[in-house]
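Engineer: One structure, as structure tokens, below. Some questions next.
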Amino acid sequence: MNVFHKKSDLNKAVNTFKSAYQTLGLVPTMGALHSGHLALIKKALSENNLVVVSIFVNPTQFDNTSDLQKYPRTLESDVAMLKTLPEGEIMVYAPSVEDIYGDNVNSSNFSFDGLEDNMEGEFRTGHFDGVGTVVKRLFEIVKPDNAYFGEKDFQQLMIIKKLVEKHNIPVNIIGCPIHRETDGLAMSSRNARLEPEYRKAAPFIYKTLKSAKTKFGTNSDVKVIEWVKSKFAKHPLLKLEYFTIADEESLQPINRKSKSKSYRAFIAVYAGEIRLIDNIALN
Ligand code: PAF
């Protein structure tokens with residue numbers, strides 16, 4: 001498996017491959033790969049002849065310097081993990097910050113028609129400008145036919161679909177279901193940084209989301225939101241940052257429950273220093 005650190009080298013390799021492949025898939029990641037990533041990559045391998053996995057901790061999407069510094073960087077073990085995958089052509093693109101940004105490590109400003117207004121967009125200033133900037137750049141560099149993103153970052157997935165639509169980028173965006181640990185915790189590269197007591201407590205997040213979904217069937221959204229807040233207020237370790245029920249398409253917080261709309265609940269929680277997010281379809 002080839003690992004490229006420069007876009008020029010990656011481009012050369014992809015171009016020599018071009019006559020042999022019909023479709024090229026891209027799985028953008030920030031590394032510290034886990035089985036959720038592997039599921040995305042396996043799906044990409046089953047639908048494309050060549051898959052590029054990018055591994056790049058993107059500085060412009062972090063609103064917190066300590067989170068950026070502490071984000072796990074495990075290229076060697078990531079590549080070893082990719083080598084365990086069955087059949088399929090994978091190329092790894094692990095660029096430096098300079099290869100992506102040159103000497104201007106800044107995000108562009110985007111409008112995603114309101115999809116960015118709430119939840120992650122509200123609590124992580126500039127986050128989606130950073131995501132939009134790096135993903136657009138990766139699309140320009142790799143020129144994939146298909147690109148794969150997990151639904152754990154559901155708001156990000158919707159924003160990337162909007163990015164592609166607004167900028168006429170010729171790529172299919174494919175969303176993949178959330179992968180969970182056996183105790184229900186959504187897989188995330190951040191889970192490895194949880195202290196044992198917080199790791200033990202963290203499945204409470206998904207457990208609460210599932211109960212909220214049941215309650216949403218018979219209760220008003222206001223009641224469900226109050227109930228979730230009260231559960232976390234009593235929790236000794238987990239601190240709720242937000243719990244929002246939003247329209248699944250516009251991502252605007254629910255106003256009045258309508259039978260004709262699909263809703264999703266979104267949550268962000270601090271487990272000690274580690275911020276975890278999750279979401280669930282409600283109806
Ligand atoms: O979801 C992620 O890991 C990142 O936000 C992404 C899409 C790789 C962009 O840096």
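The values are calculated or read from the model by the stated rules, or taken from the named source; none is laboratory data. Because the structure is predicted, anything quoted here is derived from the model rather than measured. Glycine gets a Cβ as well: all are built from the backbone with ideal geometry, and neighbour counts include every protein chain shown. Note: accessible area is taken over every heavy atom of the protein model, side chains too, but ligands, DNA and RNA are not part of it. Shrake-Rupley method; radii C 1.70, N 1.55, O 1.52, S 1.80 Å.
Engineer: One residue is enough: does region 236-248 have a residue meeting the conditions open to solvent by 40 Å² or more (accessible area, probe 1.4 Å) and among the hydroxyl-bearing types (Ser, Thr, Tyr)?
Structural biologist: no
Engineer: On the given criteria, is GLY217 within 22 Å of ASP247 (Cβ to Cβ) and either more than 15 Å from the chain's Cα centre (by Cα) or open to solvent by less than 60 Å² (accessible area, probe 1.4 Å) (or both)?
Structural biologist: Yes; evaluated as a whole, the condition is true for this residue.
Engineer: A follow-up question, please. Pull out all pairs, ordered by first then second residue, where Cβ-Cβ is under 9 Å, the residues are six or more apart or on different chains, the first lies in region 222-240 and is closer than 16 Å to MET119 by Cβ, and the second is exposed (fewer than 12 other Cβ atoms within 10 Å of the Cβ).
Structural biologist: From region 222-240, the pairs are LEU240/ALA233.
Engineer: Just a yes or no: is a residue in region 100-118 buried (at least 20 other Cβ atoms within 10 Å of the Cβ), modelled with pLDDT of 95 or more and among the charged types (D, E, K, R)?
Structural biologist: So far as region 100-118 goes, yes, one or more of its residues are buried (at least 20 other Cβ atoms within 10 Å of the Cβ), modelled with pLDDT of 95 or more and among the charged types (D, E, K, R).
Engineer: Run VAL3 past the list (1) away from the ligand (no atom under 15 Å from the Cβ); (2) open to solvent by 70 Å² or more (accessible area, probe 1.4 Å) and report the number of the one that doesn't hold.
Structural biologist: Going through the list (1) away from the ligand (no atom under 15 Å from the Cβ); (2) open to solvent by 70 Å² or more (accessible area, probe 1.4 Å), VAL3 breaks only (2).
Engineer: Quick check: anything in region 16-31 over 28 Å from PRO177 (Cβ atoms), out of contact with any Pro (no Cβ under 9 Å at 6 or more places or on another chain) and of a type in the set (Lys, Arg)?
Structural biologist: Yes, there is a match, as at least one residue in region 16-31 is over 28 Å from PRO177 (Cβ atoms), out of contact with any Pro (no Cβ under 9 Å at 6 or more places or on another chain) and of a type in the set (Lys, Arg).
Engineer: Mind checking which residues of region 176-202 are within 16 Å of the ligand (Cβ to nearest atom) and either under 22 Å from GLY272 (Cα atoms) or surrounded by 16 or more Cβ atoms within 10 Å (Cβ to Cβ) (or both)?
Structural biologist: If the condition is that a residue be within 16 Å of the ligand (Cβ to nearest atom) and either under 22 Å from GLY272 (Cα atoms) or surrounded by 16 or more Cβ atoms within 10 Å (Cβ to Cβ) (or both), then CYS176, ILE178, HIS179, ALA186, MET187, SER188, SER189, ARG190, ASN191, ALA192, ARG193 are the ones that fit.
Engineer: Looking at region 126-143 only, could you name the residues that are more than 9 Å from the ligand (Cβ to nearest atom) and touching a Gly at 6+ places or on another chain (Cβ under 8 Å)?
Structural biologist: PHE128
Engineer: Filter region 46-78 down to the residues that are over 20 Å from the mean Cα position of the chain (by Cα) and open to solvent by less than 20 Å² (accessible area, probe 1.4 Å), then identify the one that is farthest from ILE159 (Cα to Cα).
Structural biologist: LEU50
Engineer: Also, I was wondering about something else. Looking at region 149-166, which of its residues are farther than 22 Å from ASP278 by Cβ and within 12 Å of the ligand (Cβ to nearest atom)?
Structural biologist: LEU163
Engineer: If you don't mind, there's one more thing I want to ask. Does ASN146 count as within 16 Å of the ligand (Cβ to nearest atom) and surrounded by fewer than 19 Cβ atoms within 10 Å (Cβ to Cβ)?
Structural biologist: yes
Engineer: From (1) among the β-branched types (Val, Ile, Thr); (2) part of a helix (DSSP H, G or I); (3) within 16 Å of the ligand (Cβ to nearest atom), pick out the condition that doesn't hold for ILE169.
Structural biologist: Unmet condition: (2).
Engineer: Could you check how many residues of region 68-83 are touching a residue at least 40 places away in the same chain (Cβ under 8 Å), out of contact with any helix residue (DSSP H, G or I) (no Cβ under 8 Å at 6 or more places or on another chain) and not polar (S, T, N, Q)?
Structural biologist: 5
Engineer: Taking interchain pairs and intrachain pairs at least six residues apart, which have beta carbon atoms under 8 angstrom, with the first residue in region 246-271 and more than 27 Å from ASN191 (Cβ to Cβ) and the second of a type in the set (S, T, N, Q)?
Structural biologist: ASP247/SER262; GLU249/SER262; GLN252/ASN118; PRO253/ASN118; PRO253/THR244; LYS257/SER220; SER262/ASN283
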